[in-house]
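Working notes for the structure below.
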Amino acid sequence: MGWNNCLNSKEDLRLLLSGWLQLTNAETIGDPSQGVGVNPLIKLRIGGRKYVLNQDTKREGVKLFLENERNRNQWTLSETNRVSNALNGEHIAGLHMYKN
């Protein structure tokens, strides 16, 4: 996914991740043979802000992120620009999403 065909809203991201959970049994959103770390798979642009979701994002992290979205939790950023929507602002284990 490139920036020219990226997602454009939080709703787009929710729909994509929900569909992935329903249609697959995969433990990560990307190909685990592609390695871990900074390896963006999903790109999201909301206004002037850009976010990436890395390939090594895990199923359990996505489940918790989507549950927090249903509860309308606010997005927060860590010092490393890691995105979370946990009530306590802590990162969500297995969710590798960053403000770009």
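The values are calculated or read from the model by the stated rules, or taken from the named source; none is laboratory data. Owing to the predicted nature of the structure, the values given are computational and were not obtained by experimental measurement. With ideal geometry, Cβ positions are generated from the backbone for all residues, glycine too; neighbour counts draw on all protein chains shown. Just so you know, the surface numbers come from the protein's heavy atoms only, side chains and all, with ligands and any DNA or RNA stripped out. Shrake-Rupley method; radii C 1.70, N 1.55, O 1.52, S 1.80 Å.
So the values come out like this:
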{"item": "Any hit, the range 49-56, residues being open to solvent by 70 Å² or more (accessible area, probe 1.4 Å), in a loop (DSSP other than H, G, I, E, B) and at pLDDT 90 or above", "result": "no"}
{"item": "The lone exception for residue 27 - which of (1) within 13 Å of residue 95 (Cα to Cα); (2) surrounded by 15 or more Cβ atoms within 10 Å (Cβ to Cβ) it fails", "result": "(2)"}
